[in-house]
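Engineer: Following this message is one structure expressed as structure tokens.
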Amino acid sequence: MKHGSFSSQGALGPGAPLIGMALVRIVSGVVEVLAGVYMLRRASLKVALSVNAALGLVGPVALVVATIIGAVGLRTEMRPANVALLFAGVLMIILAVS
């Protein structure tokens, strides 16, 4: 495999989790940008605060979903203890920012 490329070996090949994680992050970013544009177009602080509150869920959900996809992709390469530590770390991040 070349540097910077990904494999496309079947539905669950190494490329599928990578593509899934990237798509989750792209969609999350697009939602954030569109929300910012919506705030500017509405030109209302009240609306902006409401949209911002709703966006508070987008980041953590994207983090959890992308992590799950990545962990599933590496499930044969990671020990169960490492998977548990990975999810414990994600949980701590979510708890710290909430």
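Engineer: Looking at (1) in contact with a Phe, Trp or Tyr (Cβ under 7 Å, 6 or more places away or on another chain); (2) under 21 Å from G15 (Cα atoms), can you tell me which one V51 breaks?
Structural biologist: Status for V51: all satisfied but (2).
Engineer: State which residue is surrounded by the most Cβ atoms within 10 Å (Cβ to Cβ) when the search covers only the stretch 71-98 and only residues that are closer than 23 Å to A53 by Cβ and not hydroxyl-bearing (S, T, Y). Don't jump to the end; show me each part of the working.
Structural biologist: Filtering the stretch 71-98 for residues closer than 23 Å to A53 by Cβ gives 90-98.
Then keep just the ones that are not hydroxyl-bearing (S, T, Y); that gives 90-97.
Working: V90: 17, L91: 11, M92: 10, I93: 15, I94: 14, L95: 9, A96: 7, V97: 10.
Ranking the candidates gives V90 first.
Engineer: Determine which member of the set L49, L34, L57, L23 is exposed (fewer than 12 other Cβ atoms within 10 Å of the Cβ), free of Cβ contacts under 8 Å to residues at least 24 places away in the same chain, within 14 Å of the chain's Cα centre (by Cα) and part of a helix (DSSP H, G or I).
Structural biologist: Result of the check over L49, L34, L57, L23: L57.
Engineer: Starting from residues that are touching a helix residue (DSSP H, G or I) at 6+ places or on another chain (Cβ under 8 Å) and β-branched (V, I, T), keep the ones in the stretch 28-60 and report whichever is nearest to A96 (Cα to Cα).
Structural biologist: Taking the stretch 28-60 and keeping what is touching a helix residue (DSSP H, G or I) at 6+ places or on another chain (Cβ under 8 Å), we get 28, 31-32, 35, 38-39, 42, 47-48, 51-52, 54-55, 58-60.
Those left that are additionally β-branched (V, I, T): 31, 47, 51, 58.
Working: V31: 23, V47: 26, V51: 21, V58: 16 Å.
Within the stretch 28-60, the match that is nearest to A96 (Cα to Cα) is V58.
Engineer: Checking the condition in a loop (DSSP other than H, G, I, E, B) and either at pLDDT 90 or above or surrounded by fewer than 15 Cβ atoms within 10 Å (Cβ to Cβ) (or both), which residue from L12, L40 passes? Before you say what the answer is, go through the steps one by one.
Structural biologist: On the way: L40 fails: in a loop (DSSP other than H, G, I, E, B).
Result of the check over L12, L40: L12.
Engineer: What are the residues in the stretch 43-78 that are at pLDDT below 90 and of a type in the set (K, R), if any?
Structural biologist: Matches in the stretch 43-78: R75 only.
Engineer: Let me ask something additional. May I ask you to say which residue of L86, L95, L91, L63 is over 21 Å from G20 (Cα atoms), out of contact with any Pro (no Cβ under 6 Å at 6 or more places or on another chain) and of a type in the set (A, V, I, L, M, F, W, C)?
Structural biologist: One residue alone meets the criteria, L95.
The values are calculated or read from the model by the stated rules, or taken from the named source; none is laboratory data. Worth saying up front: this structure is predicted, and the values here are computed from it rather than measured. Glycine also receives a Cβ, built like all others from the backbone with ideal geometry; neighbour counts cover every protein chain displayed.
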